[in-house]
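Have a look at the structure below, then the notes.
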Amino acid sequence: MSSLQTYVKDKFNQTIKESSDAELYSALLEMVHDKSRELPTNDDKKRKLYYFSAEFLIGKLLSNNLLNLGIYDDVKAELAKYGKDITDIEQVENEPSLGNGGLGRLAACFLDSISTLGLNGDGVGLNYHFGLFRQLFKDKLQFTDKDEWITGEDDWLVRSQTSYTVPFNNFELSADLYDIDVLGYQQDTRNRLRLFDLSTINEGIVGDGINFDKKDVIQNLTLFLYPDDSDHDGQMLRIFQQYFMVSAGAQLVLDEAVERGSNLHDLADYAVVQINDTHPALVIPELIRLLTERGIEFDEAVHIVENTVAFTNHTILSEALEKWAMSDLERIVPHITPIIRELDRRMKEKYPQHPYTNIIDLQDRAHMASMSIHYGFSVNGVAALHTDILKSSELRAFYEIYPEKFNNKTNGITFRRWIMDSNPELAMFLDKQIGKSWRTDSDLSKFLKFKDNKKVQKALQDIKQDNKQRLVDYLEERQGIKVNPNSIFDTQIKRIHEYKRQQMLLLYAIHKYKDIKAGNVPQTPLIIFLGGKAAPAYTTAQNILHAFLTLAEIVDGDKDVNEHLQIVVLENYDVSYAEKLIPATDISEQISLASKEASGTGNMKFMLNGAVTLGTLDGATVEINQLVGDDNSYIFGKHSNDIISLYETNGYNPQDYYQTPEIKELVDFINGEEMVAHGHKDHLDSLYHEIVSKDFFMTMIDIIEYIKVKEDMLEDYEDQSHWTSMVVENIGRAGYFSSDRTIGDYNRDIWHLESK
Ligand SMILES: *Cc1c(COP(=O)(O)O)cnc(C)c1O
């Protein structure tokens, strides 16, 4: 009897055949739990990485864990024997929405790679009960609801014995530690994701949607990721959350280091703390506080922390560089504010000629990035261009002081989830063509020689078609939308933000609609997929979604157009959706305003799955373009240095572009008669005015070239042999973007962990 059968028998006293998908899921989860707990952790190794992050967008774990344990195929075959489909069973699992987008997904890919490389490293974060939020569309508008994922019985959380007390002004909270095992691919050890939860959490205080009393910290602290911080109470809750996470996390770091043999004076030999953006930056004063509490002199404690903490910067949007009013910190965590003031004083004394690097500014606000750079030993950007921009403009003053701290670590994606799991047909085809070694070394370059091989091209086209069909079925099931699989699949999926310029894709869609109306019918139908959540307080992002939903309705209802063009807005875009969309996509939309996207990782997933990039020279798309060349990617738009100087000189005037007739026609459509007849005038007017009067992210500067290059691309698609040769080129050069490579780089340059 196989082990799954044993579990089903023990748990439900029945056979696999008699079990429901939910029961089989439950049995599989228990089986995987047991198998993973047999694996030792890496804690026998002296030095350990703690990856502190407010977000871990881990996605569903069942199939990933089965794959990493090396039993996916066996389990799938056994289920099939009894007429059960493993993909139906995967559907039972709730996806935790413990992240926003790229930054959180990166953290999840990193954990997978750290385990796969056998390194000793855990993730540290918070156990948000309702995640970010669940996105719903009603009346073509975004609504938000809580996103429940913790079921008690059938989730991956394991309550540990550990709890820590976290002190606040006048009261204390208790942080309970939950672990999720992180298995590496074909590894005989495991690491963990350590999530702290508030012991006094009360899910019952959430009312309609995602509303709750933000002041009721004793009951709300781990309910949501990034509760709306557009008001002061929301900002205060963010401080509470961040401090709760880092205080509990820092206690864990110290206790475990002592267990591994540290006397704390030598902490930096035992632990390295990587902080994922500034959200965990308060770990710096907190570690200093805890070390002094445990008998270490202040100066030495500072020195220890300087050798323990490393900082990753994720964005050059100044709005995202966190700064907290000292008065607020004093109200919430008065025991660390004297430390922050002293850290600030020392740097002001040491670098009087560098006022831009002050931790505490003239308005008495503490800058989390400044503190992290001064008191961390490493600062890294997440793509070559991003790191260059940090050095030459955003963090230039810091770079002058600490050139040796700055380094680049171009992001990556785990090939387990983003091809083996999500695109098994392509993965197996690669095995057949180039052998299986790519599964462990990520080297796909041997595939390049098949560029002009007609049989390989035909097979790739068939695989793409199968993946389109899979997506079509999934869409119908998930959203009740029908689409034609014999279309070009053109996809932009990511958080909705003006810098990512979904509004430029909107203008393209308007162009295409009008063009088809005018009789220019495309040879192959085009489907534009748009997916992404908009922050609840971000009005323009909501309006962009509304405009897309409205346009989609117009196009659907227009019988001259609807056979040739469809716009599909995906509801509640998440990791599971990405896993279905990316393998089915032909055109990867990476159209951010150059200089604004730090890296992007969606761009890498698409490349690996045989989509061709249509993009600006921004983030890691620059590196994609360098790898595949201009013949195998479609690049347009102004360059980052031009954009940066436009911002510096205030040189962009939207009116200069709006008055161009071709542009005016598209922008005017947004709140024109047809749109207003289907949508809400106030939202559409507001989006129109945003573009015409501000256009802060310069949509109109690139729109004409974007349309032209995209039309060229659509035409090129018709030569399928040439198109598929580009697909081969993209897949064959995607190895660089494996997160195993990224983590190898982090370890070589920053962490110095013992590898297997
Ligand atoms: C990869 C991924 C992202 C990041 O996408 P970008 O295009 O790099 O912004 C966001 N959300 C999910 C669910 C992802 O899988």
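Quick notes
- Only the Cβ atoms of Lys and Arg (+1) and of Asp and Glu (-1) were treated as charged; on that basis the dipole of segment 139-295 about its Cα centre amounts to roughly 500 debye.
- Solvent-accessible area per residue for segment 558-676 (1.4 angstrom probe, square angstrom): 33 Å²
- When each of the peptides 735-745, 557-567, 299-309 is scored by how many other beta carbons lie within 10 Å of its residues on average, the order from highest to lowest is 735-745, 299-309, 557-567.
- For segment 267-348, accessible area per residue (1.4 Å probe, heavy atoms of protein chains only), Å²: 31 Å²
- The stretch between Asp10 and Asn202, if pulled fully straight at 0.36 nm per residue, gains 65.8 nm over its current Cα-Cα span.
- Expected 222 nm ellipticity per residue - DSSP helices of 4 or more, -39500 (n - 2.57), all of the chain, to 500: -13500 deg cm²/dmol
- Of the GluC sites (Glu not before Pro) found in segment 641-750, those that fall in a DSSP loop while having at most 15 other beta-carbon atoms within 10 Å are Glu718.
- Evaluating 6.51 cos²θ - 1.76 cosθ + 1.60 at θ = phi - 60° for every residue in segment 445-453, the Karplus couplings come out as 5, 5, 6, 4, 5, 8, 3, 9, 7 Hz, glycine and proline recorded as x.
- Bridgeable aspartates and glutamates around Lys323 (alpha carbons under 14 Å apart, same-chain partners fewer than 8 residues away excluded): Asp229, Asp277, Asp344, Asp361, Asp364.
- Dipole of the chain, positive end: most advanced residue of Gly376, Ala320, Leu507 [Cβ charges, Cα centre]: Gly376
- Each Lys and Arg adds +1 at its Cβ and each Asp and Glu adds -1 at its Cβ; summed about the Cα centre, segment 664-756 shows a dipole of about 560 debye.
- Extension gain, His335 to Lys681, is 119.5 nm, computed as 0.36 nm per intervening residue step minus the present C-alpha separation.
- Carbon and sulfur %, accessible surface of segment 439-522 computed with the full protein complex present, 1.4 Å: 49 percent
- In the context of the full protein assembly, Lys605 retains an accessible surface of approximately 20 Å², using a probe radius of 1.4 Å and ignoring ligands and nucleic acids.
- Which of Asn411, Gln235, Thr585, positive extreme of dipole for the chain (C-beta unit charges): Asn411
- Highest to lowest packing among 26-36, 288-298, scored as the average C-beta count within 10 Å: 26-36, 288-298
- Here's the picture: charge each Lys and Arg Cβ at +1 and each Asp and Glu Cβ at -1 in segment 71-173, and of Gly118, Leu106, Thr162 the one pushed furthest to the positive end of that dipole is Leu106.
- Cα-Cα over 20 Å, subset of Lys45/Lys405; Lys451/Lys710; Lys140/Lys533; Lys500/Lys638: Lys45/Lys405; Lys451/Lys710
- The GluC sites (Glu not before Pro) of segment 75-138 include none that DSSP puts in a loop with a beta carbon having at most 14 other beta carbons within 10 Å.
- About its Cα centre, the dipole of the chain is roughly 1360 debye, where the only charges are +1 on Lys and Arg Cβ and -1 on Asp and Glu Cβ.
- Solvent exposure of Leu57, expressed as accessible area, is near 20 Å², computed with a probe of 1.4 Å over the protein chains only.
The values are calculated or read from the model by the stated rules, or taken from the named source; none is laboratory data. Everything numeric here is computed off the predicted structure, so don't read it as measured data. For neighbour counting, all protein chains shown are included, and Cβ atoms are generated from backbone atoms with ideal geometry for every residue, glycine included. Heavy atoms of the whole protein, side chains included, go into the accessibility calculation; ligands, DNA and RNA do not. Shrake-Rupley method; radii C 1.70, N 1.55, O 1.52, S 1.80 Å.
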